[in-house]
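Scroll down for the structure; my scribbles are underneath it.
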Amino acid sequence: MGVEKYIVPILRSYSAVLFNSEAYGGALLLFLSFLNPNVGFGGLVSLLSAYLFARLLGFKREFLRIDYYIYNPLLVGLSLGYIFKINTISFLFFLTGGILSFLTTYVLSNLFYYYFRLPILSLPFVIVSSTLYLASQHFSNLFVESLYPHFYLPNIDITPFINGFFKSLGAVFFLPNTFCGLVIFLLILRISPILAFLSVIGYSTGILTTALFKGSLYQAISDTSAFNYILTSMAVGGVFLVPSLRSYKFALLSSFISVPIVESSKVFWETYSIPVFALPFNVISLLVLYVFIFTGYSLVTRVYRGTPERTLDYYLTRLKRFPFTGREIALPFSGEWTVWQSFDGEWTHKGAWRHAVDFVITDSEGKTFKGTGSSLSDYYCFGKPVLSPIDGTVVDVVSSLPDNKPGEVDKENNWGNYVLLYDKRGFYVLVCHLKQNSVNVKRGDSVTKGSLLGLCGNSGYSPQPHIHIHVQLLPHLGAPTVPFSFTSFISSK
Amino acid sequence: MGVEKYIVPILRSYSAVLFNSEAYGGALLLFLSFLNPNVGFGGLVSLLSAYLFARLLGFKREFLRIDYYIYNPLLVGLSLGYIFKINTISFLFFLTGGILSFLTTYVLSNLFYYYFRLPILSLPFVIVSSTLYLASQHFSNLFVESLYPHFYLPNIDITPFINGFFKSLGAVFFLPNTFCGLVIFLLILRISPILAFLSVIGYSTGILTTALFKGSLYQAISDTSAFNYILTSMAVGGVFLVPSLRSYKFALLSSFISVPIVESSKVFWETYSIPVFALPFNVISLLVLYVFIFTGYSLVTRVYRGTPERTLDYYLTRLKRFPFTGREIALPFSGEWTVWQSFDGEWTHKGAWRHAVDFVITDSEGKTFKGTGSSLSDYYCFGKPVLSPIDGTVVDVVSSLPDNKPGEVDKENNWGNYVLLYDKRGFYVLVCHLKQNSVNVKRGDSVTKGSLLGLCGNSGYSPQPHIHIHVQLLPHLGAPTVPFSFTSFISSK
Amino acid sequence: MGVEKYIVPILRSYSAVLFNSEAYGGALLLFLSFLNPNVGFGGLVSLLSAYLFARLLGFKREFLRIDYYIYNPLLVGLSLGYIFKINTISFLFFLTGGILSFLTTYVLSNLFYYYFRLPILSLPFVIVSSTLYLASQHFSNLFVESLYPHFYLPNIDITPFINGFFKSLGAVFFLPNTFCGLVIFLLILRISPILAFLSVIGYSTGILTTALFKGSLYQAISDTSAFNYILTSMAVGGVFLVPSLRSYKFALLSSFISVPIVESSKVFWETYSIPVFALPFNVISLLVLYVFIFTGYSLVTRVYRGTPERTLDYYLTRLKRFPFTGREIALPFSGEWTVWQSFDGEWTHKGAWRHAVDFVITDSEGKTFKGTGSSLSDYYCFGKPVLSPIDGTVVDVVSSLPDNKPGEVDKENNWGNYVLLYDKRGFYVLVCHLKQNSVNVKRGDSVTKGSLLGLCGNSGYSPQPHIHIHVQLLPHLGAPTVPFSFTSFISSK
């Protein structure tokens, strides 16, 4: 019972390297790693050292709760055990690996979370293992005492291409061997056929591109750092994005552009005889993920359910209920209004500000005003109540700008009078061009759906009275807009 | 018509590399790049690949609207075309260049904007081109199939120094040739004599310093990466700063300190046979620009008008209307007050907090109090209304600190009771040492110029009642102050 | 008198390199540096150049006020003077060093302060000196004109180990000589025996580990970059942490893990014949300090009093008055309540959220409710006033969530209705599970200790009415909690 609380997180972390969290899969991977006892023990020693150091600092349960605290020192230990057998001297070296992993993981995970909103994947492992491999070149005694001959593991020989694939898959856990790779592949296949499929896609794309550039398929498949293509493809096509034809397309493209990253890392490090580890996977995955997240790409996985299959299930169920984006808001008025400009509108809803909708009130002839339209009061929507489209908090308000005469615009204050709201689901809604001094909420107020925000006006860059509404992910005025949808409405046409 | 919307942004981006946005200049540069068709086509292929990838992500108009999305893949393509001729294999390589450029540009521009408030210049190009040049060393097939002999372009031979200058200028677009350089120089001269002048200044400074350190002028001028001195000088002296004698001095100093950056980059990369590209220009320009911006250096260009000449025009016109800084605020009181301490005051307005003004009320003898001055109510300004000097928003308020007895100060709460206001022009105004419990605005309030903020008091580090006012660019208490000026006042002396 | 205002800051900056600020120690170090006049003058020339450049930008007093503006160019100059004697050519080179140091220091200190909350130590020196050493390899003329033979300084020969220690200590100021090292050691000993002790601990740990890995004590002690172990040990054990057995343990561990950093830096740079300077010290110190600060480690020095001894004094005095953490808050209620769960509670106070306390009201039998407990009103604490535990500002409020029936929890809104307060001492207090619509403060309000926040309820992840309170360092909901304590209470058991 006491041991279990340590064992289960470790097993899950082994699995996390392959993007899932099944303990039984982790048990299999742990078992495999002990086929080369130096690798198996190495991983555990560095992990233990990281854990003990973390406890010194008062960490205890968080360490076991968060998978990257575990798998980063683990991978560092595996990488050291791949070269050095365990004895007194190398033991100390494995200890430094664990402590450095913990420090690096803690710092990077904080910075990545706060400033990039990105996971750290196995970046700490790459940094620490590269550093220790570099350092070891000066440690003659370590080499003399701990270097061991290339470890023999039974290989299964199929075809060169498939051998290469399995060896690369095994190399993820420093077991570059067809047998281990085959077992790992079967494990992936059982857990998620989609991930298995993506691993093949990624490997093939990476290897064929490399072969083309190098002019030698043989050279391409004999390089086990090709596991970077496998991991990149799985991460992009099955984890970061909801599985779909488009996600597979991005998986393929990501493997493709990983090729020069793998080779440039190799050229850079080969002067020092350092392998590239998982650096290319980390670089491309993080670049691509950042772009997916910050452009608000529609397929981005918001909740990963352990495997791509379960994520897809979740997403499809959810899709049925919420047609578009997961950013559903109510209409900002009651009664019947008309969409004047919608997404990618012809006039102003361009570029980063393209996801926006303008509303007016029209009469039976489609006109927005009565009489001549030369006075603001001619416009049907002028002065009509504007309601909160969400339950949220008022983040910012401007209320003092004058309403333009019809046909004129205020080029300096693009948004005119506005209310910026924050929705706990993680986005901001801007409602603008409100009437001067009509706003009746203030910064800090909580509002509920349907409560009065102000009156429709003609302030800002607005030639005629209308309501402009859009959704953005950042709190400042002028932030890029993202897609959203309205929860319920009756279209009269 | 349809093509135009693609062509014009491309032409402008070519021009943007030389710090302006004239389409006709871009057309000339595009034409020049086709003197070596591999360079010309290379640029367009990588650009096309970046654009198509961006569209996959839902980008479209922003891509064409923002110049660095265009010129970064363009330069990457030029750099690849400079080595490899276009065929099936290299085509794929050019494609990776475009996609990697887009990803790098997107991520870096976001991070630079949010965290450094800096442009990215051509940093993505430098990163991607260095990576691809590195990778290509493993791509034997690419070399076999696509390497082409050094491309011959007609050279004009003037003097070695001038040849070197023109070749370096041509090298900006991977056309290291005196003829191309001459054409580019004439183009710059036509668009902006100031930039042309700065290019000469920068080149001369860089080359002479290098020659001195190397002991050989010949070696110095035979290195085309000297274009880094040219670009640095133009950026610092004509773009980041309003052109003036002082801006030219900084241009010269920037070229001077670029010399060790150029050479250290060369030493670092020559092990790998990688050129330095525009790395030194990016490093020095961004370092210097950051320092200019965050120290609030007075000559920093706030609005660049396409050329240094137009910027200067704009600035001079504006200068006439607004004497000092572009941060004009009203006086924070009505009636007649006296400046007690001004910028760089003898007492406390020191260091980062030197741009501040203190006001008191004096009598005809210049004294600030009646009677003995031992009681706060003896002081003429104590309890007098303090007014908002701007239209803005209340960001922070403290109101509960006690007023010191005359002659005593509160060393713990330097600012005492204060109101911190935000002005939409992009700065913060702090008014402090207010009377206890006298503040009658609260966080989030909008205030207009002249509205009551509170009463003059003696809280905080204040030995006698007075109003302290300063302007800062960051929202936290104790942020460095920057210069500002008062819009209108009558000096009674 | 005029000179003094320049001299004293310089002397203090020399001392700052050894973690104190005594001018007389600095004078001794300055004197020592002139034993090799090239080193001594080199430092002053680069410093002068940095200062003059800063003045061009309008800097003046801040430069002299902030020690890292001074010691970074100083160290750069010392490092250059260690290789090049002073003449016209090298003079220009020393000038570039000063300007580059100022720019790098300004930018890095800003970024480190805002984004990492870390000091920059001597990182700018490491970056600039590495760059200039790299660049100098292309500057044949500089070598021809300025290189000078290895400078002879009188050595005192004791034992190899002690010689190594003194040489390393001298190497901090580019005086790798036993005599200089001895003088420096005596200086440290006089100023702070704790720092002297830590320097020995650090050196021994680093050297013995290195000797073990290399299989040669001789090799280990002949490397003067071992000063990195000395500085790391002093910084971690005596400056970042309050001196204690635990701080010494961390000093030892930090020196231990510095070993692979020193050697990997050496392997990396030796291709370029560049020394590692103080890179390993900076890397390990900053990693460790970041982790100390952000995990809220209890021994972190909040106010460094010039020497570890004075810091310890201060801390011990303070400890007597404030028993636990420096984050003392009042109880959030009046009357008699019972602690239901405390730090590291069995139920939900786990992981990053472990520093939290739950309160309920119990009757004489220890029960929290009367009757059956099936209705919320059965619970003694339900609806009781919740008071502000601090003087602070309301940062965030939620008030609209329903109260769960007893035994049920709201898994989506973990914290239920809550008030998040900011305390000027630099932390946030969250009080939560309040009753629906009972909160009577709003965002932006100032509150004083004991003022009413709302009523005890059962909203959020709460199976029975109680008050949850914790302290966190970051403003967002769900931020990690840190230890805190209650100022005054009577324990009835």
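The values are calculated or read from the model by the stated rules, or taken from the named source; none is laboratory data. Note that the coordinates shown come from a computational prediction; the quantities given were computed from them, not determined experimentally. Because the Cβ atoms are built from the backbone with ideal geometry, glycine has one as well, and the counts that use them run over all protein chains shown.
Residues checked against (1) at pLDDT below 95; (2) buried (at least 24 other Cβ atoms within 10 Å of the Cβ):
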| residue | (1), (2) |
| --- | --- |
| C:182 | no, no |
| C:195 | no, yes |
| C:207 | no, no |
| C:229 | no, yes |
| C:234 | no, yes |
| C:243 | yes, yes |
| C:263 | no, yes |
| C:267 | no, no |
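Among the listed residues A:430, A:453, which satisfies the condition of being closer than 30 Å to residue C:440 by Cα, in contact (Cβ under 8 Å) with a residue 12 or more places away in the chain and surrounded by 23 or more Cβ atoms within 10 Å (Cβ to Cβ)?
Sole residue among the options that is closer than 30 Å to residue C:440 by Cα, in contact (Cβ under 8 Å) with a residue 12 or more places away in the chain and surrounded by 23 or more Cβ atoms within 10 Å (Cβ to Cβ): A:453.
Given the condition modelled with pLDDT of 85 or more and away from every other protein chain (no Cβ under 14 Å), answer yes or no: does some residue in region A:408-429 qualify?
Yes, because at least one residue in region A:408-429 is modelled with pLDDT of 85 or more and away from every other protein chain (no Cβ under 14 Å).
Which is more than 20 Å from residue C:184 (Cα to Cα) and in contact (Cβ under 8 Å) with a residue 12 or more places away in the chain, of C:91, C:59, C:41?
Among C:91, C:59, C:41, only C:91 is more than 20 Å from residue C:184 (Cα to Cα) and in contact (Cβ under 8 Å) with a residue 12 or more places away in the chain.
Among the residues of region B:191-206, is there at least one that is out of contact with any strand residue (DSSP E or B) (no Cβ under 9 Å at 6 or more places or on another chain), away from chain C (no Cβ under 14 Å) and under 30 Å from residue B:92 (Cα atoms)?
No, the conditions are met nowhere in region B:191-206.
For residue C:70, state whether it is part of a loop (DSSP other than H, G, I, E, B) and under 24 Å from residue C:274 (Cα atoms).
When the stated conditions are applied, residue C:70 does not pass them.
Of all residues in region B:16-27, which are surrounded by fewer than 19 Cβ atoms within 10 Å (Cβ to Cβ) and under 25 Å from residue B:86 (Cα atoms)?
Residue satisfying the conditions is B:27 alone.
Going by the structure shown, is residue A:449 assigned to a loop (DSSP other than H, G, I, E, B), of a type in the set (Lys, Arg) and either within 14 Å of chain C (Cβ to nearest Cβ) or under 31 Å from the mean Cα position of the chain (by Cα) (or both)?
So residue A:449 passes the test.
Residue C:39: among the β-branched types (Val, Ile, Thr) and modelled with pLDDT under 90, yes or no?
When the stated conditions are applied, residue C:39 does not pass them.
Return only the number of the condition from (1) farther than 30 Å from residue B:426 by Cβ; (2) at pLDDT below 85 that residue B:379 does not satisfy.
Residue B:379 satisfies every listed condition except (2).
Does any residue of region B:227-246 turn out to be among the polar types (S, T, N, Q), more than 17 Å from the chain's Cα centre (by Cα) and closer than 19 Å to residue B:19 by Cα?
yes
Touching an Asp or Glu at 6+ places or on another chain (Cβ under 6 Å) and crowded, with 22+ Cβ neighbours inside 10 Å, is that true of residue C:13?
When the stated conditions are applied, residue C:13 passes them.
Considering every residue within region A:159-170, establish whether at least one is within 14 Å of chain B (Cβ to nearest Cβ), touching a Phe, Trp or Tyr at 6+ places or on another chain (Cβ under 7 Å) and at negative phi.
no
In region A:273-309, what residues are among the polar types (S, T, N, Q) and modelled with pLDDT of 95 or more?
Initial filter on region A:273-309 (among the polar types (S, T, N, Q)): A:273, A:282, A:285, A:295, A:298, A:301, A:307.
Once the filter is applied, which keeps residues that are among the polar types (S, T, N, Q) and modelled with pLDDT of 95 or more, region A:273-309 yields A:282, A:285.
Given the structure, is residue A:211 of a type in the set (A, V, I, L, M, F, W, C) and not assigned by TED's automatic domain parsing to the domain that holds residue A:243?
For residue A:211, the condition - of a type in the set (A, V, I, L, M, F, W, C) and not assigned by TED's automatic domain parsing to the domain that holds residue A:243 - is not met.
Go through region C:354-384 and report how many residues are in a strand (DSSP E or B) and touching a Gly at 6+ places or on another chain (Cβ under 8 Å).
Residues flagged as in a strand (DSSP E or B) and touching a Gly at 6+ places or on another chain (Cβ under 8 Å) within region C:354-384 amount to 3.
I'd like to verify a number: residues in region A:285-320 that are away from every other protein chain (no Cβ under 14 Å) and touching a Gly at 6+ places or on another chain (Cβ under 7 Å), how many?
2
I need the full set of residues from region C:113-152 which are over 29 Å from residue B:220 (Cβ atoms), within 12 Å of chain B (Cβ to nearest Cβ) and among the hydrophobic types (A, V, I, L, M, F, W, C), in order please. Spell out how you get there, then give the answer.
First, the residues of region C:113-152 that are over 29 Å from residue B:220 (Cβ atoms): C:113-123, C:150-152.
Of the ones still in play, those that are also within 12 Å of chain B (Cβ to nearest Cβ) are C:113-116.
Once the filter is applied, which keeps residues that are over 29 Å from residue B:220 (Cβ atoms), within 12 Å of chain B (Cβ to nearest Cβ) and among the hydrophobic types (A, V, I, L, M, F, W, C), region C:113-152 yields only C:116.
Restricting to region B:85-103, and then to whatever is of a type outside the set (A, V, I, L, M) and surrounded by fewer than 24 Cβ atoms within 10 Å (Cβ to Cβ), can you tell me which residue is nearest to the other protein chains (Cβ to nearest Cβ)?
Taking region B:85-103 first, the residues of a type outside the set (A, V, I, L, M) are B:85, B:87-88, B:90-91, B:93-94, B:96-98, B:101-102.
Filter again for surrounded by fewer than 24 Cβ atoms within 10 Å (Cβ to Cβ), leaving B:85, B:87-88, B:91.
Numbers: B:85: 15, B:87: 12, B:88: 9, B:91: 11 Å.
Restricting to residues being of a type outside the set (A, V, I, L, M) and surrounded by fewer than 24 Cβ atoms within 10 Å (Cβ to Cβ), the top hit is B:88.
Mind checking whether some residue in region A:62-72 is in the same structural domain as residue A:144 (by TED's automatic domain parsing), within 22 Å of the chain's Cα centre (by Cα) and aliphatic (A, V, I, L, M)?
Yes, region A:62-72 contains a residue that is in the same structural domain as residue A:144 (by TED's automatic domain parsing), within 22 Å of the chain's Cα centre (by Cα) and aliphatic (A, V, I, L, M).
Name the one entry in A:252, A:198 that is touching a residue at least 12 places away in the same chain (Cβ under 8 Å) and touching a Gly at 6+ places or on another chain (Cβ under 6 Å).
A:198
Output the strands (runs of 3 or more DSSP E) that fall wholly within region B:388-438 and possess 1 or more residues being out of contact with any Leu (no Cβ under 9 Å at 6 or more places or on another chain), or say none.
B:417-423, B:427-434
Filter region A:401-426 down to the residues that are of a type in the set (Gly, Ala, Ser) and loosely packed, with under 13 Cβ neighbours inside 10 Å, then identify the one that is farthest from residue A:443 (Cα to Cα).
A:407
Could you list, in sequence order, the residues of region A:236-261 that are more than 8 Å from every other protein chain (Cβ to nearest Cβ) and hydrophobic (A, V, I, L, M, F, W, C)?
The answer is A:236, A:239, A:240, A:241, A:242, A:245, A:251, A:252.
Could you list all residues from region A:266-284 that are closer than 21 Å to residue B:141 by Cβ and without any contact (Cβ under 8 Å) to a residue 40 or more places away in the chain?
Within region A:266-284, A:267, A:268, A:270 meet the criteria.
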